[in-house]
Amino acid sequence: MDIVVVLFFGWPAIAIFLIIAAVGVLLRNSVFLIVALILSLPNCYYLLGANNWFQLMSIAIPAMLGFSAIAVKQKWFVISVAVLLPIYLFYGYFFYLVMSQ
């Protein structure tokens, strides 16, 4: 049972949805971004329990993934990359915080 929790809420899930989101933008396919949005939901639900600005990011991450999917569908590729960039910066910062403890 613990492996299921780790796969849906842990770092493997974060890495998988970030890779799928990058592939979706690189291949210009919004289906990959929708899959990344669905895979990000358990982790964002977990982040809702934080008492700081992480709550805002837990709502913003699925919204940004959805907007990026719409941007790819409308052929606004630069905007879709710009919308995904804060997600990668947030998880890079989050990874730094976890590893520096």
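Read-outs: derived from the displayed coordinates by stated rules, not from any lab. This structure is a prediction, so every number in the text was calculated from the model and none was measured.
Can you tell me what percent of all Cα-Cα pairs in the chain are more than 22 Å apart? Provide the component values of the computation, followed by the final result.
On the way: 1357 of 5050 pairs.
When every Cα pair of the chain is considered, 27 percent fall beyond 22 Å.
May I ask for the equivalent-ellipsoid semi-axes of segment 30-79, computed as the square root of five times each C-alpha gyration tensor eigenvalue and listed largest first in whole Å? Please list the in-between numbers first.
Values: eigenvalues 112, 27, 5 Å².
They are 24, 12, 5 Å, listed largest first.
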